[in-house]
Amino acid sequence: MKNTVEASRYRAEFVKGLWKENPVFVAVLGMCPALAVTNTAINGIAMGGATLFVLTFSSLLVSSFRKLIPKEVRITTFVIIIATFVTIVDFLLQAFMPAIHKELGAFVALIVVNCLILGRQEAFAFKNPVRLAVVDALGMSLGFSFALFCLGAIREILGNGSLFGITLFGPDFEPWIVMILPPGGFLSLGFLLLFFNWLKQRQEKKGVENGY
Amino acid sequence: MATDLLWIFISAMVINNFTLYYFLGLCPFFGVSDRISTAFRMGMANVFVLLITAFCAWFLNSFVLNHAPYLRLISFIIVVASTVQFVEMAIKKLSPALFRALGIFLPLITTNCAILGLALFATNKGYGLVESLVYALGAGGGLTLALVIMAGIREETKLLEIPKVIEGTALNLIIAGILSMAFMGFAGLFSTT
């Protein structure tokens with residue numbers, strides 16, 4: 001009995017990051033990387049992967065040391081832990097995927113100041129046991145990666161007529177170049193949020209009509 | 001030399017605007033851009049912290065990090081955060097009026113991405129002390145410009161009737177997108193001359 005309760009708790013913590021509390025689409029956290037590097041789908045996924053690594057390991061460490069870290073200096077400690085993992089991921093990318101590292105540029109280092117990561121440490125990892133913290137971190141960063149992939153795919157398809165570098169349309173397609181330039185980032189996230197708002201509003205309306 | 005510095009300044013301010021081109025410092029950009037006066041003070045606080053950051057980054061790069069390049073990120077964050085805190089205490093003592101104008105914003109921006117971004121970009125470009133400071137001024141000016149324009153537009157939108165479905169973040173993002181498009185026009189600024 002206890003096991004099923006626990007299992008469902010883990011599942012809930014994992015799933016919430018994917019959609020219901022999606023860091024980009026719902027909480028609108030970590031927008032800087034979400035908009036800056038998503039000019040192609042592959043860059044979005046790479047950024048998501050780097051964030052997944054940093055968030056998971058930071059949560060693991062913060063949660064294991066949560067009883068040793070004094071409350072007064074917890075934020076500083078989180079930042080140092082996060083910065084360490086970001087440095088590791090920066091060097092790993094530089095060594096094994098130099099092309100991607102060049103594309104992402106300084107934004108790999110800027111994962112340190114992604115408010116999503118610090119937010120999860122403060123709101124979750126510092127208060128919960130290790131396994132739960134890791135599950136939460138995995139869910140959140142997968143949700144983040146998913147959002148980045150969506151944005152990157154939309155911008156690449158509209159702005160370049162391709163997905164993962166493979167051309168989708170014939171030669172008649174006129175690429176909408178502004179979408180892979182900075183304004184496209186703001187616009188595509190803006191219109192995506194607009195679409196979600198519309199969906200939510202429609203659902204609420206339906207709920208009222210059905211008498212809930 | 002002077003033209004180089006002017007070029008760095010203009011380029012950081014409008015062509016490669018930190019907010020609208022590099023997407024740095026979006027939290028304050030959307031968070032405190034609902035009134036022009038607040039936005040302007042936030043911008044000034046940013047200029048202030050950016051100047052301190054530029055100095056710290058130059059100092060660390062020239063004297064410390066040659067021996068331990070892997071500590072770059074960690075040392076930037078810690079040194080910048082603590083220097084800002086220190087200067088904040090000094091200002092509180094020396095000029096309470098200035099502290100009241102900027103003070104509440106300082107803790108918010110010490111580790112925002114625009115600040116760390118400036119330190120990293122200035123390092124990557126290999127700027128010296130004077131160049132770094134001019135770059136910081138330009139970047140801060142650009143942030144202030146973007147914040148104030150955004151706040152102006154948002155003050156106007158409050159007077160309009162806006163469909164409920166677009167209110168909030170979606171509307172702000174679309175406004176920012178259009179602003180960013182307008183700033184793209186500056187890209188041709190220097191190539192013609």
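Computed from the coordinates by the stated procedures, all read-outs in this text should not be read as laboratory data. Note that the structure is predicted; figures quoted are calculated from it, not measured. Here the Cβ positions follow ideal geometry from the backbone for every residue, glycine too, while neighbour counts run over all protein chains shown.
Annotations for the structure displayed:
- Separation of the range B:1-68 from the range B:99-178 is 9 Å, based on Cα centroids.
- Inter-probe distance in nm under a simple model that places probes 7 Å from Cα toward Cβ, at A:GLN201 and A:SER162: 3.8
- Annotation: the residues B:CYS113, A:CYS32, sorted from fewest to most other C-beta atoms within 10 Å of their own C-beta, follow the order A:CYS32, B:CYS113.
- C-alpha center-to-center spacing [the range A:156-212, the range A:1-42] in angstrom: 20
- As a rough footprinting exposure proxy, the listed residues A:ASP136, A:ASP172 were ranked by other beta carbons within 10 Å of their own, and the order from fewest upward is A:ASP172, A:ASP136.
- For A:LEU163, the residues whose amide H sits under 5 Å from its own are A:LEU168, ignoring neighbours fewer than 5 places away on the same chain, with H placed 1.01 Å from N.
- Among B:THR53, A:THR4, the ranking by other beta carbons within 10 Å of each residue's beta carbon, starting with the fewest, stands as A:THR4, B:THR53.
- Size of electric dipole in the range B:2-188: Cβ of Lys, Arg +1 and of Asp, Glu -1, about Cα centre, debye, nearest 20: 380
- The simple Förster model, with R0 at 25 Å and r as the Cβ-Cβ distance, assigns A:LYS71 and A:ARG131 a FRET efficiency of 0.65.
- The helix-only estimate of mean residue ellipticity at 222 nm for chain A, built from DSSP H runs of length n ≥ 4 each weighted as -39500 (n - 2.57), is -22500 deg cm²/dmol after division by the residue total.
- Among the listed pairs A:LYS20/A:LYS127; A:LYS16/B:LYS164; A:LYS200/B:LYS158; A:LYS127/B:LYS158; A:LYS16/A:LYS67; B:LYS92/B:LYS125, a Cα-Cα separation exceeding 29 Å is found for A:LYS127/B:LYS158; B:LYS92/B:LYS125.
- Helix-only arithmetic for chain B: the sum of -39500 (n - 2.57) across DSSP H runs with n ≥ 4, divided by the residue total, places the mean residue ellipticity at 222 nm at -22500 deg cm²/dmol.
- Three-way shape call for the protein assembly as shown based on the alpha-carbon gyration tensor, with the a/c threshold at 1.5: rounded
- Shape of the range A:2-155, Cα gyration tensor, a/c cut at 1.5: oblate
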